[in-house]
Every structure is written in structure tokens, then in C-alpha cells.
Amino acid sequence: MLYNRKLTKLFRNNMDRLFNRPYFFDKGLRFECQRCGTCCTGAPGTIYVDKNEVDLIAKYLSARTSCFIEKNLYPFRTGYSIREYTDGRCFFYNGGCTVYPLRPGQCKTFPFWVENLRSPKKWRRMSGECTGIGRGPLYSREQILEIVRSNLDTVAKSY
Ligand code: SF4
């Protein structure tokens, strides 16, 4: 999910307040991607890729940027979104993410998205879909909020 301009502005303007209040994840959250692909498949959505990321992914796939764009992306805001198959599967998902080391920021920051961190209930619900939640290294409150901030910055820059 990508936030709309108004919501992003609201979050960014209140970052200090957002950073200085208690959260259910004050003691951190464990997460390690299990590469299960749940977040790369399923319901269709926008997978935002900014222009810098496009060059890096194209290079990773040894493709010419213009061909890569034409084949895999469509214009979205100031950047692009990755095409999906009719069943909602990401174009780069083929039994696993084929661009994993260079996957877009939106994918890298999952599941630490604002909507999943709104409440313990939302996080628990997401843990029923994302098998990486509750495993692996502990992300501190500060690390989590930094991820949220970087995500919102990316979204803000996309307008
Ligand atoms: S749903 Fe979670 S564990 Fe599965 S690929 Fe996505 S981030 Fe990784």
C-alpha cells in the first residue's frame, strides 16, 4: 500500500511527535524474511520503484534500462510501479524474488509499514500472513521508526 499525499504529509509533519511516544514495539520486534513470497503474490497493488532503483535493478539483470522499463514497469507518480500477472503475482516473482538483493524500498521495508504497526492487533494479523514475523534478529524501536521514516520519505519524494 502506498499512502496518499495528504496522509504522508501528516505523518512527516508529526515525525517528532511520532518518535517520542510509546509504542507496543518499544522493546523491539523480531523479523527475518523467510522468502515465502506471500507479500509478492496475492491481491494486486502498487509496487513503487523510483528512478534510481530502476537503473540498479536493470543493471542487476544485465538489461538495458529502456527495455527493462518497457517490459516490466508502468509509470506511476514520479517513478514506476512493477507490473503484475493477472493473479497479482509480481513480475519479478518466480518461485522467489528474482531481484531480491536490489528489490525496491517498498519491498525491503515490509512488514515495517505504518499500517502494520498501528496496533498489536494489526501486527498480529500481519504475522498470520508474513512467516518472517517473530523470527530472526530483534529490530529495536529506533530501527523500526527509522524504517518507517525512510519509507515515508520515499513516498513523499514520489509526488
Ligand atoms: S511475507 Fe514476510 S517472510 Fe514472506 S517473503 Fe514477504 S517479507 Fe518475507
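Quote the relative contact order of the chain in percent (integer), defining contacts as alpha-carbon pairs under 8 Å separated by 6+ residues. Dividing the mean separation by the residue count of the chain yields 39 percent.
Hand me the chymotrypsin sites (Phe, Trp or Tyr not before Pro) from the stretch 1-105 located in a DSSP loop with no more than 11 other Cβ atoms within 10 Å, in residue order please. When the chymotrypsin sites (Phe, Trp or Tyr not before Pro) of the stretch 1-105 are filtered for loop state and at most 11 Cβ neighbours within 10 Å, Tyr85 remain. Cross-link partners for Lys9 among the lysines, with Cα-Cα distance under 28 Å and sequence neighbours closer than 8 places in the same chain left out: Lys27, Lys51, Lys108, Lys121, Lys122, Lys157.
Taken over the C-alpha atoms, the chain has Rg and Dmax values of 16.1, 47 angstrom. Taking 0.890 mPa s as the viscosity and 25 °C as the temperature, the Stokes-Einstein diffusion coefficient of the stretch 1-56 based on its alpha-carbon Kirkwood radius rounds to 162 µm²/s. In this structure the amide hydrogen of Arg135, modeled in the peptide plane, comes within under 5 Å of the amide hydrogens of Phe31, Glu32, none closer than 5 places in sequence on its chain. Couplings 3J(HN,Hα) of the stretch 82-91, computed from phi: 6, 5, 10, 6, 4, 7, x, 6, 4, 4 Hz, in residue order, whole Hz [Karplus 6.51 cos²θ - 1.76 cosθ + 1.60, θ = phi - 60°; x for Gly and Pro].
Whole-Hz Karplus values for the stretch 31-42 come out as 7, 8, 4, 9, 6, 6, x, 4, 7, 9, 10, x Hz, taken residue by residue from phi with 6.51 cos²θ - 1.76 cosθ + 1.60 and θ = phi - 60°; glycine and proline positions read x. Computed per residue of the chain from DSSP H runs no shorter than four, each worth -39500 (n - 2.57), the mean residue ellipticity at 222 nm is -11000 deg cm²/dmol.
Modelled label positions at Met15 and Thr38, each set 7 Å beyond Cα in the direction of Cβ, lie 3.1 nm from each other.
Of the trypsin sites (Lys or Arg not before Pro) found in the stretch 16-71, those in coil by DSSP whose Cβ has at most 16 other Cβ atoms within 10 Å are Lys27, Arg35, Arg64. The charge dipole of the chain, taken about the Cα centre with unit charges on the Cβ atoms of Lys, Arg (+1) and Asp, Glu (-1), comes to about 400 debye, rounded to the nearest 20. Between Tyr23 and Thr78, the FRET efficiency from the beta-carbon distance, with R0 = 25 Å, is close to 0.20. Most simply put, the chain has about 100% antiparallel DSSP beta bridges, counting only bridges with both residues inside it.
No value in this document is a laboratory result; all are computed from the given coordinates. Treat the numbers as computed from the prediction; the structure is a model and nothing was measured. Here the Cβ is made from the backbone with ideal geometry for all residues, glycine too, and neighbour counts use every protein chain on show.
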